[in-house]
Amino acid sequence: MVGIPAGEFLMGSPANEKGRFDTEGPLHRVSLKAFALGKYDVTSEQFLTFLRETGYQPAPCNSILKMKWNSPGDGRAYPPYDVEPRRWPAVCLDWKDANAYIAWLNTKARHSAGGAANGPYRLPSEAEWEFAARGGTATARWWGNEIGSGNANCNGCGSKWDDSELSDVDSFAPNPFGLYGMLGNAWQWTQDCWHQNYVGAPANGSAWTEKNCGKHVLRGGSWDNLPIFIRAAARSGGGADGGEYDYSSLAGFRVARTLP
């Protein structure tokens with residue numbers, strides 16, 4: 001994991017940012033405490049380890065194509081694709097699946113800590129995710145305002161994987177915080193409930209949650225999205241149970257850690 005320093009930033013996008021959606025406003029200042037974030041998305045190999053140890057069975061992310069992780073038990077588990085590189089980000093996961101993996105991590109952490117009440121791992125808040133994705137920059141993408149070529153995997157990013165398939169989690173250069181793959185390749189779940197804009201959003205970097213929210217926030221865009229979605233401020237919402245094809249089949253996550 002990578003330590004992310006405490007800081008302050010303007011969350012959202014200015015009205016003149018190319019590709020901006022109304023859901024990215026209003027711009028608002030957010031102050032955050034230091035935290036840690038996974039250097040990479042959780043990989044296929046890591047998620048298979050979780051399935052083999054627990055027997056957890058994710059729901060299909062595409063029932064028509066029968067696309068799903070298979071976890072028959074007895075220490076066996078199989079990814080959605082017959083031949084899936086171990087360093088691909090684990091996708092075909094809904095918000096509940098991400099939290100099941102994190103609960104497993106926290107169980108291991110509690111055992112290591114001699115039975116401490118709560119584990120330190122969680123999904124990042126939406127504000128933490130954007131702060132980390134920007135890496136101290138204020139441009140549309142950490143490398144600049146334009147999409148350029150070879151900076152990420154999307155439908156128009158200029159990579160060999162564009163609009164074709166996932167790429168390994170370390171296929172592109174890291175951002176200034178040392179994080180890989182924050183934009184493109186696979187959508188990433190956050191803790192927050194989906195809201196249509198930032199009116200009333202927390203200013204302290206905490207997750208904006210409520211009981212029984214129907215959707216949660218996804219960030220980062222994926223390999224089949226156009227460049228307007230491959231921006232630090234771009235955001236969307238997906239059902240917690242994977243009810244939306246685009247997100248349930250193309251969504252993964254990375255783990256955050258609360259620091260003492």
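Here the sum of -39500 (n - 2.57) over DSSP H runs of 4 or more residues, divided by the residues of the chain, equals -5000 deg cm²/dmol at 222 nm, to the nearest 500.
Altogether, the Stokes-Einstein calculation at 37 °C and 0.692 mPa s, with the Kirkwood radius of the chain over Cα pairs as Rh, returns a diffusion coefficient of 179 µm²/s.
Farthest toward the positive end of the dipole of the chain, out of Tyr78, Cys61, Trp129, is the Cα of Trp129, where the dipole comes from beta carbon charges about the Cα centre. Computed from backbone phi with θ = phi - 60° and the Karplus coefficients 6.51, -1.76 and 1.60, the 3J(HN,Hα) list for the range 208-223 is 9, 10, 7, 6, 6, 6, x, 9, 10, 7, 10, 9, x, x, 9, 5 Hz; x is used for glycine and proline. Springs join every pair of Cα atoms under 10 Å in this Gaussian network model of the chain, and among Glu210, Glu45, Glu84 the largest mean-square fluctuation is at Glu210.
Computed from label points 7 Å out along Cα-Cβ, the spacing between Tyr78 and Asp170 is 2.9 nm. Accessible surface ranking for Met67, Met1, 1.4 angstrom probe, highest first: Met1, Met67.
Three principal axis extents describe the C-alpha atoms of the range 1-55; from largest down they are 47, 27, 16 Å.
Nearest 20 debye, what's the magnitude of the dipole of the chain about its Cα centre given +1 on Lys and Arg Cβ and -1 on Asp and Glu Cβ?
Working: 25 positive and 27 negative charges, 134 e Å.
With only Lys, Arg, Asp and Glu charged at Cβ, the dipole is about 640 debye.
Using a 1.4 Å probe, what is the accessible area per residue for the range 169-233, in Å²? Intermediate values should be presented prior to the final figure.
Working: 2450 Å² over 65 residues.
The answer is 38 Å² per residue.
Compute the convex hull volume of the Cα atoms of the range 5-156, divide it by the residue count, and report the result per residue in Å³ as a whole number. It comes to 163 Å³ per residue, whole-number rounded.
Across the chain, where is the longest run that never hits trypsin sites (Lys or Arg not before Pro) in a DSSP loop with at most 15 other C-beta atoms within 10 Å?
Values: sites that count: Lys18, Lys33, Lys66, Arg86, Lys160, Lys211.
Maximal segment without exposed cleavage sites: 87-159.
Each listed q (0.23, 0.25 Å⁻¹) maps to a log10 I(q)/I(0) for the range 130-211, found by the Debye formula over equal Cα scatterers with no solvent: -1.13, -1.21. Remark: the Ala138-Ala103 segment gains 9.2 nm on full extension, using 0.36 nm per residue and subtracting the alpha carbon distance. Legend: residue pairs Lys39/Lys211; Lys39/Lys96; Lys68/Lys96, Cα-Cα distance threshold 24 Å; pairs beyond threshold, Lys39/Lys211.
Think of the chain as having a plus end and a minus end, set by charges on the Cβ of Lys, Arg, Asp and Glu; of Asn204, His28, Gly181, Asn204 sits farthest toward the positive end of this dipole.
The values are calculated or read from the model by the stated rules, or taken from the named source; none is laboratory data. Since we're looking at a predicted model, the values are computed, not measured. Counting neighbours? That spans all protein chains shown, and the Cβs are built from the backbone with ideal geometry, glycine included. With ligands, DNA and RNA removed, areas are computed over all heavy atoms of the protein, side chains included. Shrake-Rupley method; radii C 1.70, N 1.55, O 1.52, S 1.80 Å.
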